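> Below is the structure I would like to discuss, written out as structure tokens.
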Amino acid sequence: MDETVIPPRAAPRGRPRRSAEATRDLRARVLAAAQALFAQGGYEGVSMRNVAKAASCSAPALYRLFPHKRALLRNIWDDVLGELDRDLAAAAAGRARALDRLGALGRGYVRFWVEHPDHFRALFLIEDRLAEPGERYFVDTSENLPRMVARFEEAAKAASAAGELTGDPREIIELLFCGLHGVASGVIGMPEYPWGPPDLLAGRMVDALLAGLAP
């Protein structure tokens with residue numbers, strides 16, 4: 001009986017696909033490069049070509065991961081908030097009293113930005129602008145922002161329920177964020193000024209705000 005010999009299938013042309021680990025490494029390298037460039041030259045002063053060069057990758061590889069510059073900023077934005085949320089969880093761990101948790105969260109919030117000034121610049125010094133129809137603001141699509149805010153809100157609700165604070169918990173945490181953001185912005189934005197220790201400034205800010213909201 002005749003046998004038909006089937007030739008081996010030719011290998012596909014082009015580069016082999018990256019492994020999942022290699023893709024994660026490239027993603028992290030690209031985002032780190034983009035964040036550093038944004039911090040140095042501002043959002044408008046950075047091109048996708050600049051990012052590819054700084055990350056030592058080809059332009060096609062960059063565009064396969066991030067189709068445009070706003071996608072880079074969007075991913076930096078949410079990755080930073082995820083990192084912040086993990087730090088805050090560790091800062092508040094083991095603190096049973098709600099006011100103690102709020103104090104720890106407040107100091108941890110400022111400490112994080114002071115230790116990562118480029119993170120602060122990427123999130124707060126670059127305006128999120130909608131470029132295409134159907135796009136949404138980062139604050140409306142972030143996975144990590146609601147989780148981070150909920151840590152503060154839970155502590156504020158518990159303190160209010162215990163009779164230690166008055167006022168709407170949401171307003172309480174918005175006041176805290178505004179005060180703490182001011183501390184971080186001053187220390188990061190004007191490093192030449194002889195500020196006191198950021199942790200001390202953050203703690204005093206939290207104490208002052210909570211004292212004003214006490215019954």
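The values are calculated or read from the model by the stated rules, or taken from the named source; none is laboratory data. In this text the structure is predicted, and so the values were computed from the model without any measurement. Side chains are part of the model used for accessible areas, which takes the heavy atoms of the whole protein and leaves out ligands, DNA and RNA. Shrake-Rupley method; radii C 1.70, N 1.55, O 1.52, S 1.80 Å.
> Carbon and sulfur together cover what percent of the accessible area of the chain at a 1.4 Å probe radius?
54 percent
> Please calculate the 1.4 Å probe accessible area of Ser142, with all protein chains present, and give it to the nearest 10 Å².
10 Å²
> With semi-axes √(5λ) of the Cα gyration tensor in Å defined as stated, name the option among (i) 45, 22, 15; (ii) 26, 21, 15; (iii) 34, 18, 15 computed from the structure displayed.
Here the calculated entry is (i).
> Taking θ = phi - 60°, what integer Hz values does the Karplus form 6.51 cos²θ - 1.76 cosθ + 1.60 yield along region 93-102, in sequence order, with x for Gly and Pro?
For region 93-102, the Karplus curve yields 4, x, 9, 6, 7, 4, 5, 5, 5, 4 Hz.
> Okay, moving on. Tell me, what is the percent relative contact order of the chain, built from C-alpha pairs under 8 Å that lie six or more residues apart?
Relative contact order, the chain: 20 percent.
> Next question. Using alpha-carbon positions, what is the distance between the centroids of region 186-208 and region 57-136, in Å?
If you average the Cα positions of each part, the centres end up 20 Å apart.
> Taking a probe of 1.4 Å, how large is the accessible area per residue of region 45-168, in Å²?
I get 50 Å² per residue for this part.
> Could you run the Karplus curve 6.51 cos²θ - 1.76 cosθ + 1.60 with θ = phi - 60° over region 200-212 and give me ³J(HN,Hα) per residue in whole Hz, x for Gly and Pro?
Couplings: 5, 4, 5, x, 5, 4, 4, 4, 5, 5, 5, 4, x Hz.
> What number, in percent, do you get for the relative contact order of region 145-215 if the mean sequence gap of Cα pairs under 8 Å and at least 6 apart is divided by its residue count?
37 percent
> Express in Å², to the nearest 10, the accessible area of Trp195 obtained by rolling a 1.4 Å probe over the protein heavy atoms while all chains stay in place.
100 Å²
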